[in-house]
1. Enter the accessible area per residue of the range 1-112 (Å², integer; probe 1.4 Å; all protein chains in place).
2. Run the Debye formula on the Cα coordinates of the range 1-145, all scatterers equal and no solvent, and tell me log10 I(q)/I(0) at q = 0.09, 0.13, 0.14 1/Å.
3. How many angstrom lie between the Cα centre of the range 369-432 and the Cα centre of the range 456-512?
4. Determine the distance separating the Cα centre of the range 119-135 from the Cα centre of the range 54-88; give it in Å without decimals.
5. Exactly which trypsin sites (Lys or Arg not before Pro) in the range 246-330 are in a DSSP loop and have at most 13 other Cβ atoms within 10 Å?
6. Let me check I've understood the local charge: for C502, count other residues with C-beta under 12 angstrom from its C-beta, Lys and Arg +1, Asp and Glu -1. What total comes out?
7. Kirkwood Rh over alpha-carbon pairs of the chain, then Stokes-Einstein at 20 °C and 1.002 mPa s: what D in µm² s⁻¹, rounded to an integer?
8. Given the DSSP H assignment, sum -39500 (n - 2.57) over each helix run of at least 4 residues in the chain and divide by its residue total; what's the result at 222 nm in deg cm²/dmol, nearest 500?
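The values are calculated or read from the model by the stated rules, or taken from the named source; none is laboratory data. All figures in this text were calculated on a predicted structure; none of them were measured in a lab. Neighbour counts run over all protein chains shown; Cβ positions are idealised from the backbone, glycine included. Side chains are part of the model used for accessible areas, which takes the heavy atoms of the whole protein and leaves out ligands, DNA and RNA. Shrake-Rupley method; radii C 1.70, N 1.55, O 1.52, S 1.80 Å.
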Amino acid sequence: MAETNSLQDPLLLLLVERKALTAEQAQQVLDEHQQGGRPVRTLVIDMGMIEEDPLIQHIAEFLGTEVINLPATDIPPDVIRSVPASVARMYNVVPVEVGGTTVRLATSNLVNPQVSDELMFVLTSDVTFVLAREEDIKNCINQFYGDESNAVSEMLSTLEAEIGEAGDRLGGAAEGDEKSIEEAAGSTPVIKFVNLVMYQAINDKASDIHFEPFEKEFKIRYRVDGALYEMTPPPKRLGAPIISRVKVMAGLNIAERRIPQDGRIQITIGGRVIDLRVSTLPTQFGESVVLRVLDRSVVSLALENLGIPDDVFDSFTMDVEKPNGIIIVTGPTGSGKTTTLYSALRRINTVDRKLLTAEEPVEYDIEGIIQVPISEVSGNTFPLVLRAFMRQDPDVMMVGEIRDLETAQIAIQASLTGHLVFSTLHTNDAAGAVTRLIDMDVEPYLISSTLEAVVGQRLVRVICEACKTAVDPDEESLRLLGLNARDVEGRKFYRGSGCPKCSEKGYKGRKGIYEYLSMSNPVRELIDQRQPTLVIREKAIQLGMRTLREDGIRNILDGYTTVDEVIKYT
């Protein structure tokens, strides 16, 4: 039994206990789930370990219920109306029967007690479950509640009446004592609205959700592919209850509105478990709250899936397999540095290596890696944790960011004593990392003897495939890129004209562009001589380094992105 308990997933535990999977098969599924973030239910079917019909039969027997043929089930309109569209989509359920104070819901997955309790509260009814095929659930949701594209506006209009009726009372309560605030945050209209916001943002693959109070309005914006978009705002009077609801979900003190707070939320949306990192900030007109969305089904923690050019990939994978040295990833905030480092750690995360990370905060939990959150407030600083790391007998260490001389010195000492160290720096390019370390008063000979490689990276938006259009490059675009007509040899450039699939933006998704500074002997000599960034950069280019701009141009010519994106980020 100890073997199955280590699986840490209720569905896998169930399937192993019922002998539908072996413990080894379940572990394979769990490893794949942790790497790519795809739901366990999807993986066991796609990996050919069990078919869907036997799977839902096992779940139904465990829950003491039955499997139904959903398309053949006659569901009256009043039953459909008993569950709002937002709830049906968020929890991936379809109402099939209403009797007294109980709603019977069709689901395709194992329902955990937390989700069951949430549904009971939001629907103000007891709930029971039957099982149905996942495709049938999705088809019925679209049939009964309209297409996905119209869902949000329909949900908002449905909630408007409830919010309008309760708004004044809730708005007044939010200015009152702690008990009144808690009651307002726990009211059904506010819970439904916050769930709706999270559902829409996560469904649109947002990386951040912003709740922002202003003097005369309360804005909600979310960031998709690096750009911010505004949602339909709720009434201003509901700002405080909405903020309080988010704080309740994150386990924060809702009565404390004078100092910043940090927390985490874990929610299930459409069968996917999503982690949200919550940060509150007191402002002139109330608290501003930002939720960082950590969705592994969007971010793949595998080097092979990051789109790194083949030559850089080969060099990088060779360097991360080295027994000691320092590897640094550079770029501004939001350029994907942490994802690159996590992917590198996953590649070398084997049973014969001990890996430790110090992060502020820990973004993704990775099985087999000991991850330590840094907190300046509690005194758990990078230098303090790194010194403790040295007594933990690690093979590989990751430092979230090298910010000062003390952190840099400990990282270098760790490298000199046979450890491999990963970290990040906020510099404009790969060569700039060397100068930044020297500016911290690190001795050049220590840098040249420990640094193995520096990766510079940016994230550029990818042209939407559905509306990609070929265009002839104009002279201004070529000039900005430092090219001429002969360089592109009549090749086309591309742009997105805008379509429903990309919400008329012309872009869908992002990919990395990279430059890779490998520490060759000529580069080490320049570091020892304290040469400036420009000289180191020029030598690296002579030795074959492709710059961020050059990699960006390669992506333009390959039809992945546009001139505007490359100019903006390089």
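1. Per residue, the range 1-112 has 47 Å² of solvent-accessible surface.
2. Log-scaled intensity ratios, in q order: -0.29, -0.60, -0.69.
3. With the range 369-432 and the range 456-512 each reduced to a Cα centre, they are spaced 38 Å.
4. Centre-to-centre distance over Cα atoms comes out at 7 Å.
5. Answer in residue order: R258.
6. Numbers: positive: K205, R461, K468, R495, K501, K505, K508; negative: D204, D225, E465, E504.
My count for the surroundings of C502 gives +3.
7. 81 µm²/s
8. Values: 25 runs with 244 residues, N = 570.
Rounded to the nearest 500, the figure is -12500 deg cm²/dmol.
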